[in-house]
Structures are given as structure tokens and as C-alpha cells.
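I have placed the structure first, in the form of C-alpha cells, so that the comments after it can refer back to it.
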């Protein structure tokens, strides 16, 4: 929950049935991995964690449906790269190109260090039409009013978005991926998804996903790929590429080894991990966006240049000139 003055926040969550029976401190450390179990115990002791609106104990066993609140206004936020560029702005829409280390919206330890907060200081309240991951650079579309955001979100299929992504392996000239995204139950990472490329009835707890991939260039065991979204699902590009055998360069979850992510959240990444990642963030860039303006009817064609970290890497491993 976020206050209207953009200065205070309370994070709240409902306990799911699958977490019933867990100790409060265990639940918090598993659900919100940016703090250790000991740090969460300290917050419970200091009454900054409320259970159903009141104080509690770390050892308290939870029940499904209970409300856990975190009075998190003064939490120290991790550093980010606050750099962003306004690509287009009018009374209805804003198109922004953000850095590859900036969350779009408040979540976890991030509040003021978010694109949402930075833009709110400049424009007042803003509303995301689409979002991208913290470590994804490039274009994001926002509306100046909630009704415009809602209208455009309903017309998601009319917004054309293309990404540039670096992957491990020799990617084919083209690949049209059609299938379903679902939780990866074999993964130790709770939020990881997997993609299954098949037609027919959708599996349980899945979403249809479709992406068009096109090879742009190659290097030593790496490829530069354009990804055009047909649908817009959580982790769609990353999960699809990983599942079809082309893990993302720099991706701690969908890269060559998901255990890197576990070591990352625990503060134990190694030099070998960083070498395997190659890049210190996922090599995914929202490069172009094409959308019809909701009032003027004009077509907005927006482009964000490749950021320096991906551009430098492209220069290093590309065997030929790639026009991006």
C-alpha cells in the first residue's frame, strides 16, 4: 500500500494456504529474501511487523488468509541507476527509456529508488501501461490518468514491442515460439517460470505465450536476437528462451545456472558466478515501441538505443557489424 504523498509506505500481504503452519520469521525470510531471518526477527521484536493489525512473535505459526504488514518507511533501499530519458511526453502518455538497474514500481526494498517515484516527482501521479524488470533496460509506456492506462492495457495486443537480447548458444535464423508459461516446480527459485512449446488445451495454472524471435548476429557461442512480443506475460522472453535451450547472458535466474540467484540473494555470489554471467545484469533491452495515441490517433514510433554495457559487449563478441 502506498500513500498519496509518496513519502510513506506500508507493505502488506495475505498468507497463502501453502504457507500455513510456518513460523512468522520463516515466512518473512522466504517471502521477502532481501532481509535475513535474523533481520526479520528484529523487525518483529520492534513491532514493525504487524499480524492482523497487532504485534506478534517470531515463533507465531501462521494460518492461511492472515494479514502480515511491514511498516517499512525507513528501510534502507539498495542503490540503483536512476538514469532515465523521456522519449515522448504529452497530456496523456509518457514513454521513458530507463537504465538496466532501476525498478519500475515499488516492491520489496524499493520505493523511492523506482521509476514510478522519480516520474511522480516530475509529472505527479503516473500509471504504468507496461512494465519491465529492474535489470531490463529500455522503453516503458505510462499514462497520465488511470482510465487511459486501463483502456490501453485492454488493447495490449495493439501495442508492438521489440526487444534485443543476448543469449548463450547458436540461435537459429528465426523461431516462432507458441506455447504455455507456468511455474517451474522443479526449480529452487520460487518465482521462476518455464515454457512448454505445444498446442492444445492449456495445462493447469498456465498462460498462453507467443513470441517471434529473429537472429541478428552471432559471436563465440553467443547470439544477438530480436524478440517481438505477441502476448505480454511475466518473464515471457526470459523463460521462453531458457526453456528452448538459449539462456540469457547475465541472467541470474534464467541464465546458465539458477543457483547463482540463490547465492545472490544470500550475498554469496562468487567470482566464478560473475564470470559465468559475463554481464552483471540480464542482457535484455526494450528497444522499440509502436502504439496508436488514444486521442489523436497518431502512431507513436519510439526507439531506445542500446545501453553502453550491451553495446560494449556487442563490440567485443560480434563477428560482424550488426545494425541495431
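The values are calculated or read from the model by the stated rules, or taken from the named source; none is laboratory data. This one's a predicted model, so the numbers in the text were calculated from it and none came from an experiment. In this analysis, Cβ positions are derived from the backbone assuming ideal geometry, glycine residues included, and neighbour counts consider all displayed protein chains.
I'd like to know if the range 104-111 contains one or more residues that are over 16 Å from residue 91 (Cα atoms), without any contact (Cβ under 8 Å) to a residue 24 or more places away in the chain and assigned by TED's automatic domain parsing to the domain that holds residue 85.
yes
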* Asked: Name the residues in the range 145-172 that are in a loop (DSSP other than H, G, I, E, B) and either within 17 Å of residue 229 (Cα to Cα) or in contact with a helix residue (DSSP H, G or I) (Cβ under 7 Å, 6 or more places away or on another chain) (or both), would you?
  -> 155, 159
* Any idea which residue in the range 92-113 is nearest to the chain's Cα centre (by Cα), counting only those that are part of a loop (DSSP other than H, G, I, E, B) and surrounded by 22 or more Cβ atoms within 10 Å (Cβ to Cβ)? -> 103
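Residue by residue, here is whether (1) under 30 Å from residue 197 (Cβ atoms); (2) modelled with pLDDT under 90; (3) out of contact with any strand residue (DSSP E or B) (no Cβ under 9 Å at 6 or more places or on another chain); (4) assigned by TED's automatic domain parsing to the domain that holds residue 215 holds:
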residue: 228; (1), (2), (3), (4): yes, no, no, yes
residue: 233; (1), (2), (3), (4): yes, no, no, yes
residue: 239; (1), (2), (3), (4): yes, no, no, yes
residue: 269; (1), (2), (3), (4): no, no, yes, yes
residue: 292; (1), (2), (3), (4): no, no, no, no
residue: 298; (1), (2), (3), (4): no, no, no, no
residue: 302; (1), (2), (3), (4): no, no, no, no
* Structure fact -> Going through the range 49-91 in order, the residues found to be surrounded by fewer than 14 Cβ atoms within 10 Å (Cβ to Cβ), in a strand (DSSP E or B) and touching a residue at least 12 places away in the same chain (Cβ under 8 Å) are 61, 67, 85
* To do: Can you confirm whether the range 188-207 contains a residue that is under 21 Å from the mean Cα position of the chain (by Cα) and either closer than 30 Å to residue 300 by Cα or not assigned by TED's automatic domain parsing to the domain that holds residue 239 (or both)?
  => yes
* To do: Could you tell me whether any residue of the range 256-279 is within 18 Å of residue 165 (Cα to Cα), touching a residue at least 60 places away in the same chain (Cβ under 8 Å), buried (at least 22 other Cβ atoms within 10 Å of the Cβ) and under 19 Å from the mean Cα position of the chain (by Cα)?
  => no
* To do: Can you give me the number of residues within the range 1-34 that are modelled with pLDDT of 85 or more, surrounded by 14 or more Cβ atoms within 10 Å (Cβ to Cβ) and part of a loop (DSSP other than H, G, I, E, B)?
  => 3
